[in-house]
Amino acid sequence: MKSPLLSLPGAVPAEGVDEGVAAHYGDLFREQRALADGTGFVDLSHRGVVTVSGEDRLGWLHLLLTQHVSELPAGQATEALILSPHGHIEHALYLVDDGETVWAHVEPGTQEALIAYLESMKFFYRVEIADRTGDYAVVHLPAGSIAEVPEGVVVRETPYGRDLFLPRADLESYARTAGPPAGILAHEALRVEQHRPRLGFETDHRTIPHEVGLIGTAVHLNKGCYRGQETVARVHNLGKPPRRLVFLHLDGSEVHLPPHGTDIRLADQGPDGRKIGFVTTSVRHFELGPVALALVKRNVPVDARLLAGDTAAAQEVVVEP
C-alpha cells in the first residue's frame, strides 16, 4: 500500500518489505537525530493492522499468544508472538487494548496469514477478527515527543515512543502538524541501536524466542497452553539456544554495508573460514557509525573478532551465551 507521504519534498521510496513508505527524506542523519531528540514522526503506514473485538477477546488471545494478556489493562501496550508447534517464531504482534478492541500492528504483508490462523482457532469463542490495514495507518512518534494526538485515536505507548492507529484518510493532514518526517531507515537505525529484533530480519524459519532476546518482553514464562510452549519451557529450563543475537560495530572504512544474510566468520580464519552466523540488519547510525545486528552460533567466544563478508566487525553481547 503506497503512502501518500511519498509526495513530500525529498521523499525517496524504500525497497523490499518496507516498500510503500519513504526510506528517507533527503538527510538520513538529520532524521535520526530528530527522532533521538524526540521530534518528528515516522510513517509506518505499510504495516498491517489487525483488530480483535468481542467479550472473549483477551481470554481467547491468551490461549494463542506467548504473552500473558488475559487481564491486560486498557491502554497498556505489550508485544507477543505466535509460534509454530516446534517453537519457531511465525508472527510478531504489537498490541494494545482500548477497552473494547485489541489493536495490533504486524509486519507488512503478514496480516492475511495471521488472520487465517486466528480464524481457524475461533471455535465457539465470541470474537471478531478484522483486517483494518485499508482503514488505518500506523504512525510512530519517538520517545519524548510532544506532538499532539488527535482525539479518539488509539495509542500504543512504549519506552521507545508511541504508535498511533490513525485513520488512513487523516494521514496527510496529520503529517502537516506532527513535525519533520523521518524515513524508515532512521527508524531502523534506532531499532538496531536498541537491539530490538524484527520479524523476518532477525528471525528465520527456525528462530526460537530465546535466540533473539524476546523472553520476558514478548514471552511470558509463567503461562502455558499456547502452541510451541513446550519448546520455550524446555530450552529455558534444560537447554541453551543454538544461536544468539549480537550487536556489531563494523569497519567504518568500508563503502558498502553488508546486506541481510551476509555470512559471518571468525576473523582469524579469514574469509574462507567456517560460517558461524549471518548479518540480520545493518545500518549507518548518526553517532555509532556503521553497525549491525547478527545471529551467531552460541559457542562463538564473546571477545572473538568477526568478519561480516569482507568487513571487520567487533561484537557486543545482546543475548548471553
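Overview of values
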{"item": "Exposure proxy ranking, count of Cβ atoms within 10 Å, fewest first, for E193, E151", "result": "E151, E193"}
{"item": "Residue among I146, I208, I264 with the largest mean-square fluctuation in a Gaussian network model of the chain, springs linking Cα atoms under 10 Å", "result": "I146"}
{"item": "Length-normalised contact order for the stretch 81-173 - Cα pairs under 8 Å, 6+ apart - percent", "result": "20"}
{"item": "Those lysines that a straight Cα-Cα span of less than 27 Å connects to K297, excepting residues fewer than 8 apart in one chain", "result": "K240, K275"}
{"item": "Beta bridges per DSSP with both ends in the stretch 11-142, % antiparallel, nearest 5", "result": "95"}
{"item": "Only Lys, Arg (+1) and Asp, Glu (-1) charged, at Cβ; the stretch 242-321 dipole about Cα centre in debye", "result": "380"}
{"item": "For L95, distant residues with modelled amide H under 5 Å away", "result": "T78, E79, A80"}
{"item": "As computed over the chain, the Cα convex hull volume per residue (Å³)", "result": "128"}
{"item": "Residue exposure sequence - E79, E157, E128 - by fewest surrounding Cβ within 10 Å", "result": "E128, E157, E79"}
{"item": "Relative contact order (%) - the chain, alpha-carbon pairs under 8 angstrom, separation at least six", "result": "18"}
{"item": "Contact order normalised by residue count of the stretch 1-67, Cα under 8 Å, 6+ apart, percent", "result": "25"}
{"item": "For the stretch 216-229, Karplus couplings with θ = phi - 60° (6.51, -1.76, 1.60), whole Hz, Gly/Pro x", "result": "x, 8, 10, 10, 9, 7, 9, 8, x, 6, 10, 4, x, 5"}
{"item": "Share, in percent, of DSSP beta bridges within the chain that are antiparallel, nearest 5", "result": "95"}
{"item": "Distance in nm between pseudo-label sites at E55 and A74 (7 Å out along the Cβ direction from Cα)", "result": "1.6"}
{"item": "Cα→Cβ-extended label distance, 7 Å offset, between E112 and R176, nm", "result": "3.5"}
{"item": "About the Cα centre, charge dipole magnitude for the chain (Lys/Arg +1, Asp/Glu -1 at Cβ), debye", "result": "900"}
{"item": "Long-range HN-HN contacts of T110 with modeled amide H, under 5 Å", "result": "G48"}
{"item": "Against the rule of thumb 2.2 N^0.38 Å, how large the Cα Rg of the stretch 76-180 comes out", "result": "1.18"}
{"item": "Per-residue HN-Hα couplings for the stretch 91-108 [Karplus 6.51, -1.76, 1.60; θ = phi - 60°; Hz; x = Gly/Pro]", "result": "9, 10, 10, 10, 10, 7, 10, 9, x, 10, 9, 8, 10, 9, 10, 9, 4, x"}
{"item": "Overall Cα dimensions of the stretch 242-321, principal axis frame, Å, largest first", "result": "32, 26, 20"}
{"item": "Partner lysines for K122 [C-alpha distance under 29 Å; skip if fewer than 8 residues away on the same chain]", "result": "K223"}
{"item": "Phi-based couplings in Hz for the stretch 122-128 (Karplus 6.51, -1.76, 1.60; Gly and Pro marked x)", "result": "5, 6, 9, 6, 8, 9, 10"}
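Every read-out reported here was derived from the displayed coordinates using simple, explicitly stated rules and does not represent laboratory data. Since the model is a prediction, treat every value here as computed from it, not as a measurement. Cβ sites come from the backbone with ideal geometry, for glycine too, and all protein chains shown count toward neighbours.
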